[in-house]
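The structure appears below as structure tokens.
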Amino acid sequence: MLKYILNRLFHSVIVMFVISFIVFFIMFKAGDPVQLLLPPDATQQDVIEMRHALGIDQSFIKQYEAFLKNVAKGNLGNSFVYGQPALDVVFERLPATLELSVLAMIFSIIFGVPLGIIASIKPKAWYSKAIMFLSLSGISVPVFWTGMVLVLIFSVLLGWLPSSGRGEVYLFTSAFTWDGIKHLIMPVLTLSFFQLALILRLTRTGMMEVMMQDYIKLATAKGVPRRVVVYYHALKNSLIPLITVIGIQFGQLVAFTIVTETIFAWPGTGKLIIDSIQNLDRPIVVAYLLVISFIFVAINFIVDILYTFVDPRVRV
Amino acid sequence: MKKLTVAVAALALVGTIGFAKTLKVGLASGAYTMDPQAFNETATNSILSNIFDTLVRFDENIKVHPDLAESWSNPEPKVWIIKLRKGVKFHNGNTFNADDVVFTFDRIKNWKKSGFKGKVSMIDKVEKIDDYTVKFTTKKAFPVFLRKLTYVNMLDKETVKGKSDEWIGLHPIGTGPYKFVLWRKGDQIKFKANPNYWAGKAKFDDLIFRVLSNNATRTAAILSGEVDLINRVPVVDVNRIKNNSKLNTFVKPGLRLIYLQMDQFREKTPYVKSPTGKNPFLDVRVRRALYYGINEDAIIKYIMKGFAAPAAQFHPDVVVGYDPTIKRVKYDPAKAKKLLAEAGYPNGFSVVLDAPNNRYINDAQIAQAVASSLAKIGIKVKVNATPKSSFFPKTAKQDTSFFLIGWASSDGDGSSMLDGVVHSKDDVKGYGRYNNGKYSNAQVDKLIEESDGNMNPTARVKQMREAQKIAIVDDQNIIPLHYQVDIYASSKKIKFVPRTDSRIWAYDIK
């Protein structure tokens, strides 16, 4: 087990190293941020001085070398635009994004799995068909549209929920205050629709497959109660693909909350990264992508560990 | 009974005193830093103008008014004596005096990362005469001196000296009407009224700026009453807001000109295919044909939905140097065709038009409309709309033959565009940094340089007008399209004053 963890850790470091190089190179090639940082009345002399102050007048190799030296000291450089340490800027925004993603995932699982089970047991019942129809719309309707419709109904017309912003924040999250919760409802719903539908459909397919297996028939024939057959024998065995997908989807959620964040003016990392790419703010882009790839790597690791609990046949 | 009345009255009084008035503003973009000398950019400047004072300040029509400078004199062309307002305190209680002024100017000058160098580069020396008198000596006679000072926010020497750039970027302490409370990046910035503001306490006790960069979100926030004021109202939503009985809309002409410029210096230009193989833009008749051949009325009507003002010259009418005699020509495709034929291009030519797609209002669509207008006179235009991060470096290298760009005369003085766009490119003298079509006319250069040092306002404006007339009327160095306008929406509960400089100065909002 320890060997496995160390091995994974080593791979992760290599992955992040490669990512840093690629991103650094792309941002280096993308253009000169000083043209955007200085106002039109700046002189050529100001441009040269600013380039020097930011260290971007050096060759690519020199710049990357300086970057690696700083990384060794735990410093990813200062943002060109904000002037603050890049990692601080990213970490300041990360809780908002994580909060949204985690809540959306929890919501999707809590509703998606039971609804999927219900729809799988009696697939021909009217309620199963209704669930499947709703899940289809959850998958096909664009996030942007869902968000705007929610805002139109609950903020503009009814005035029940605030249309945007994060509300009161306590201990890095807005989930502990009433004002914060009111701000969370619509973004979390918007972000979960697709995930919920996906999880629901996967659960249903998985369950239907497992329910046809011989050991389920055997258990039923033995007289094991229906409830135990469904929720213990069948569900547990259909979980592996579900966990894999949830793992991947969670990474996706963190990395692609941008649309939801934009609609609800949610101060997460999605908006930050788009702004930073537009402003050619290389330190932020590099720091953000390193943090996100670390999250992906960590999730994959957790998913692998979870397999062993769900299915003892799997060995790490 | 009497006792009860008194009690009720007292309660009512407590009620009014205890009720804090809050002004919530929804902005299309937020601040990048709280350091007023770092990033010279409209949204950041706008927010920080509520915390920091300057020596002189623009009013809503971009005229210069005293702020921390009580009065000034200009005894010699290069010398300005400024008398400071007495009894002004910073938010932390420190007294504002001449040392702070000297320190502020020194920091901009010496800090390599300051974006405000262009506002102080004309200054040679800043000296303290006494605690409340400062003497400025400029390198040359400099008529735009006071206007430039409107960008220099006064810092407290005792607070800032020795602090890191990162610290200053998070801890703004000024003398302005509002004090800093908190900044949740990407979400909101909270200020509270400064009770000791030298001109009297602001009407609103709390001021909250929220960043609502998505257009539909910003509209939803004002419609649902979550904010009292929004800027940059999307043109498609203006009517919806107008129909709401609780809201007002405001339209204020801005300073930004949107225009086209073309390569005027290369015999062969990279992105043109012409029958002769030469650069057609070298011929003034071709440039003039473009002016006649672009249907700007249609652009304003269909793309800007009426929210733009047609332009015929470099500056809108509030800017010093505006020339009322220059009028826009009427759209005339027949005349444009004739001019092209005279220049030897009866069948036109083809060209790539570079444009940003995230910098100006509807920038890429305007470029498309220009292309379809010019197609009617035989010029095939291919639009290359890219994000500003690649557009600006590309045009800065003159890797373009024809481009759409904007210019805001942010000092309210025509010299900014004349120096930056019209004068020949000259990195040594610091002229023409954005003249990437490299238009060059020695007579225009001479007039601009003379006007830049002319301390007689009337004579100066005459020179500026003359330079403009030669450049735009005779030489057609650029094709002006329109001036942008700013659109705001506010709740009827507040009295909002829109400003030419696009800033939101909460002290004037009642």
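The values are calculated or read from the model by the stated rules, or taken from the named source; none is laboratory data. All values derive from a computational prediction rather than experimental measurement. Please note: Cβ atoms are built from the backbone with ideal geometry, for glycine as well, and neighbour counts cover all protein chains shown. Accessible surface is based on the protein model in full, side chains and every heavy atom, while ligands, DNA and RNA are left aside. Shrake-Rupley method; radii C 1.70, N 1.55, O 1.52, S 1.80 Å.
Kirkwood hydrodynamic radius computed over region B:150-227 comes to 14.8 Å, based on all pairs of distinct alpha carbons.
Eigenvalues of the alpha-carbon gyration tensor of the protein assembly as shown, scaled by 5 and square-rooted, set the equivalent ellipsoid semi-axes at 52, 35, 28 angstrom, largest first.
Of the two radii for region A:1-84, the radius of gyration is 1.13 times the Kirkwood radius, both from the alpha carbons; that is the Rg over Rh value. Summing +1 for each Lys or Arg and -1 for each Asp or Glu among the other residues whose beta-carbon sits under 13 angstrom from that of B:K157 gives -2. The distance from the alpha carbon centre of region B:175-250 to that of region A:293-312 is 45 Å, rounded to a whole number.
Amide H contacts under 5 Å for B:D413: B:V320, restricted to partners 5 or more places along the chain or on a different chain, H placed in the peptide plane at 1.01 Å from N. Over the Cα atoms of chain A, the radius of gyration divided by the Kirkwood radius equals 1.07; this is the Rg/Rh ratio. With a cut-off of 12 Å on the backbone N, the residues of region B:410-431 near the modelled label site 7 Å out from A:Q44 along Cα-Cβ are B:425-431.
To the nearest 10 degrees, how steeply does helix A:239-255 sit against the main Cα axis of chain A, on a 0 to 90 scale? With both axes taken from Cα atoms, the answer is about 30 degrees. Its relative contact order, with pairs defined as Cα atoms under 8 Å and 6+ residues apart, puts chain B at 19 percent.
Here chain A is treated with +1 on each Lys and Arg Cβ and -1 on each Asp and Glu Cβ, and its dipole about the Cα centre works out to around 1860 debye. Computed from Cα positions, the angle between helix A:178-211 and the longest principal axis of chain A comes to roughly 50 degrees. The phi-based Karplus calculation (6.51 cos²θ - 1.76 cosθ + 1.60; θ = phi - 60°) puts the 3J(HN,Hα) values of region B:264-281 at 10, 9, 9, 5, 10, 10, x, 10, 10, 10, 10, x, 7, x, 8, 7, x, 6 Hz, whole numbers, x for Gly and Pro.
Take the Cβ atoms of B:K89 and B:E166, set R0 to 22 Å, and the FRET efficiency comes out at 0.30.
Between A:K236 and A:V141, what's the calculated FRET efficiency when r is the beta-carbon distance and R0 is 22 Å? Round to 0.05. Efficiency, from the Cβ-Cβ distance: 0.10.
Averaged over residues, the count of other Cβ atoms within 10 Å places the peptides A:123-136, A:42-55, B:49-62 in the sequence B:49-62, A:42-55, A:123-136, highest first.
Among the trypsin sites (Lys or Arg not before Pro) in region B:170-256, those located in a DSSP loop and surrounded by at most 14 other Cβ atoms within 10 Å of their own Cβ are B:K201, B:K246.
Along its three principal directions, the equivalent ellipsoid of chain B from the Cα gyration tensor extends over semi-axes of 44, 30, 19 Å, largest first.
Ellipsoid fit via the Cα gyration tensor, region B:359-453: semi-axes of 28, 15, 14 Å, each the root of five times an eigenvalue, largest first.
Modelled this way, with points 7 Å down the Cα-to-C-beta line, the labels at A:K124 and B:N243 are 5.0 nm from one another.
Residue-wise HN-Hα couplings along region B:489-495, as the Karplus relation 6.51 cos²θ - 1.76 cosθ + 1.60 with θ = phi - 60° gives them from phi, are 10, 9, 5, 5, 6, 10, 10 Hz; Gly and Pro carry x. The H on the amide N of B:F39, modeled in the peptide plane, is under 5 Å from the matching H of B:G115, each at least 5 residues off or on a different chain.
Once the Cα atoms are used to define both axes, helix B:284-293 deviates from the longest principal axis of chain B by about 60 degrees. Placing +1 on each Lys and Arg Cβ and -1 on each Asp and Glu Cβ, with no other charges, gives region B:338-443 a dipole about its Cα centre of roughly 380 debye. Of the two radii for region B:257-410, the radius of gyration is 0.95 times the Kirkwood radius, both from the alpha carbons; that is the Rg over Rh value. D by Stokes-Einstein for region B:204-330, Kirkwood Rh over Cα pairs, 4 °C, 1.567 mPa s: 69 µm²/s. Once C-alpha pairs closer than 8 Å and six or more residues apart are averaged by separation and normalised to the residue number of region A:46-105, the relative contact order reads 15 percent. Between A:F17 and A:H52, the FRET efficiency from the beta-carbon distance, with R0 = 25 Å, is close to 0.35. Stretching A:I106 away from A:V149 to a fully extended chain increases their span by 13.2 nm, per 0.36 nm per residue minus the current alpha-carbon distance. Association of chains A and B removes close to 3900 square angstrom of accessible area from solvent, both sides included, for a probe radius of 1.4 Å.
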